[in-house]
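This report concerns only the one structure given below.
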Amino acid sequence: MNVFKIIIFIMMVMMSIKSHAIDVYEFDNVQQEELYQQLTKELRCLVCQNQNLADSDAGLAKDLKDQVAAFVKAGQDAETIKTYMIDRYGDFVNYDPPMNASTLFLWFSPLLVFLIGGIILFINIRKRQHG
Amino acid sequence: MKKVFIALVPLSVFIGLIVLLYVNLNNHSEVLPSPLIGKKIPQFEHPTLYSNQVLNQDDFIGQPWMLNVFGSWCPSCQFEHPLVTALANSGKIKVVGLNWKDEPEDAIKWLKRWGNPYHEILVDYQGDTAINLGVYGAPETFLIDAQGTIVYKIAGVLTEKNIQQELMPLIEQMNQGATNP
């Protein structure tokens with residue numbers, strides 16, 4: 001029982017330590033910093049593909065963050081920086097995918113599910129009214 | 001009859017899900033299509049590892065070539081190294097190495113141990129060209145034609161299979177194009 005308590009305690013301590021990567025970039029103003037934060041959240045880390053750049057500690061993610069920071073400091077806008085990444089890594093790098101032939105299903109599948117649900121609901125209500 | 005039908009719904013959803021997962025098992029979605037295929041190789045300028053030169057993209061125009069991204073820190077590069085060597089020795093294509101984010105001393109040690117099949121080795125210490133090429137892990141291999149257009153890319157290790165099925169047909173095609181333009 002005691003061992004169990006100790007394990008629980010250790011787990012709680014470990015959970016409280018936030019393994020958050022500290023960014024060391026210095027920006028000229030708050031807007032730049034916000035833009036940087038926004039972009040690194042919206043860009044995917046290519047190495048650990050279910051993480052965004054901001055959360056990833058992979059070597060390549062660091063290089064890409066350096067690149068984003070440099071662009072932000074140079075006064076580039078979000079659009080330009082995203083295009084830069086997409087030109088090199090494809091739409092996949094963008095967590096906010098554009099609408100095109102290959103992402104059409106992705107965009108409209110929720111609507112499709114909603115429609116199917118609606119039809120089922122409609123049929124059921126009609127049946128109940130008649131019955 | 002209707003009850004049977006309704007009872008079968010969860011089962012059919014389950015089977016559908018299993019089929020979907022099974023189909024995707026062999027579909028490596030982590031291998032990304034490169035948007036760079038069909039485009040010119042991005043500009044670069046890198047020192048070489050042994051020959052003490054600085055080369056750029058224009059130095060490779062005139063002959064099809066293959067760019068192999070590697071690093072001494074990359075175990076998979078060592079795994080594919082015999083195949084890179086065989087391809088380079090076959091004389092069918094000029095094989096150039098891109099030493100990615102590596103200490104030159106480590107790279108030299110690595111090449112001494114495993115052999116150096118490369119025609120030239122470009123040193124991308126900062127990883128700039130790797131980013132421009134959309135590299136997201138080593139090894140990666142690019143086929144580039146005599147005009148400097150990226151024809152094909154393989155992300156991950158070269159195997160007998162992808163060399164024979166994917167690279168060789170393109171290499172033959174490029175070599176034919178080079179001899180009778």
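The values are calculated or read from the model by the stated rules, or taken from the named source; none is laboratory data. Bear in mind the structure is a predicted one, so any value in this text is a computation, not a measurement. Methodologically, a virtual Cβ is constructed for each residue, glycine included, from the backbone with ideal geometry; neighbour enumeration extends over all protein chains shown.
Quick grid of which residues meet (1) under 24 Å from B:Pro35 (Cβ atoms); (2) in contact with a Gly (Cβ under 7 Å, 6 or more places away or on another chain); (3) modelled with pLDDT of 90 or more:
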site	(1), (2), (3)
A:Met11	no, no, no
A:Ala21	no, no, no
A:Val24	no, no, no
A:Asp28	no, no, no
A:Asn52	yes, no, no
A:Ala70	yes, no, yes
A:Met85	yes, no, yes
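Quick one: which of B:Gly38, B:Gly97 is under 21 Å from B:Gly134 (Cα atoms) and surrounded by 12 or more Cβ atoms within 10 Å (Cβ to Cβ)?
B:Gly97
Only one residue in B:Ser51, B:Ser12 is of a type outside the set (Lys, Arg), farther than 23 Å from B:Gly134 by Cβ and not in a helix (DSSP H, G or I), so which one is that?
Details: B:Ser12 fails: not in a helix (DSSP H, G or I).
Answer to the selection: B:Ser51.
Of B:Gly127, B:Gly134, B:Gly115, which residue is within 15 Å of B:Glu80 (Cβ to Cβ) and not acidic (Asp, Glu)? Before the answer, list the steps.
Working: B:Gly127 fails: within 15 Å of B:Glu80 (Cβ to Cβ); B:Gly134 fails: within 15 Å of B:Glu80 (Cβ to Cβ).
After ruling out the rest, the residue left standing is B:Gly115.
Within the bounds of region B:136-145, is there any residue that is β-branched (Val, Ile, Thr), surrounded by fewer than 19 Cβ atoms within 10 Å (Cβ to Cβ) and at pLDDT 90 or above?
Going residue by residue through region B:136-145, those that are β-branched (Val, Ile, Thr) are B:141, B:144.
The next check asks that each one be surrounded by fewer than 19 Cβ atoms within 10 Å (Cβ to Cβ); those that pass are none.
Within region B:136-145 (the criterion being β-branched (Val, Ile, Thr), surrounded by fewer than 19 Cβ atoms within 10 Å (Cβ to Cβ) and at pLDDT 90 or above), the answer is no, since none of the residues qualifies.
When you look at B:Gly137, is it within 14 Å of chain A (Cβ to nearest Cβ), closer than 30 Å to A:Asn94 by Cβ, touching a helix residue (DSSP H, G or I) at 6+ places or on another chain (Cβ under 7 Å) and of a type outside the set (Lys, Arg), yes or no? Walk me through it before giving the result.
Working: within 14 Å of chain A (Cβ to nearest Cβ): yes; closer than 30 Å to A:Asn94 by Cβ: yes; touching a helix residue (DSSP H, G or I) at 6+ places or on another chain (Cβ under 7 Å): no; of a type outside the set (Lys, Arg): yes.
Against the criterion (within 14 Å of chain A (Cβ to nearest Cβ), closer than 30 Å to A:Asn94 by Cβ, touching a helix residue (DSSP H, G or I) at 6+ places or on another chain (Cβ under 7 Å) and of a type outside the set (Lys, Arg)), B:Gly137 does not qualify.
Is it the case, given these coordinates, that B:Val84 is modelled with pLDDT of 95 or more, in contact with a Phe, Trp or Tyr (Cβ under 6 Å, 6 or more places away or on another chain) and either part of a helix (DSSP H, G or I) or closer than 22 Å to B:Gln53 by Cα (or both)? It would help to see each step written out before you state the result.
Working: modelled with pLDDT of 95 or more: yes; in contact with a Phe, Trp or Tyr (Cβ under 6 Å, 6 or more places away or on another chain): no; either part of a helix (DSSP H, G or I) or closer than 22 Å to B:Gln53 by Cα (or both): yes.
It is false that B:Val84 is modelled with pLDDT of 95 or more, in contact with a Phe, Trp or Tyr (Cβ under 6 Å, 6 or more places away or on another chain) and either part of a helix (DSSP H, G or I) or closer than 22 Å to B:Gln53 by Cα (or both).
Filter region A:58-87 down to the residues that are assigned to a loop (DSSP other than H, G, I, E, B) and exposed (fewer than 14 other Cβ atoms within 10 Å of the Cβ), then identify the one that is nearest to the other protein chains (Cβ to nearest Cβ). Reasoning before the result, please.
Restricting attention to region A:58-87, the residues satisfying the condition of being assigned to a loop (DSSP other than H, G, I, E, B) are A:58, A:74-77.
Of the ones still in play, those that are also exposed (fewer than 14 other Cβ atoms within 10 Å of the Cβ) are A:74-75, A:77.
On the way: A:Ala74: 15, A:Gly75: 20, A:Asp77: 20 Å.
Of everything passing the filter in region A:58-87, A:Ala74 is nearest to the other protein chains (Cβ to nearest Cβ).
Which is touching a His at 6+ places or on another chain (Cβ under 9 Å), more than 11 Å from chain B (Cβ to nearest Cβ) and either loosely packed, with under 13 Cβ neighbours inside 10 Å or part of a loop (DSSP other than H, G, I, E, B) (or both), of A:Asp28, A:Asp96, A:Asp55?
On the way: A:Asp28 fails: touching a His at 6+ places or on another chain (Cβ under 9 Å); A:Asp96 fails: touching a His at 6+ places or on another chain (Cβ under 9 Å).
Only one candidate passes the filter, namely A:Asp55.
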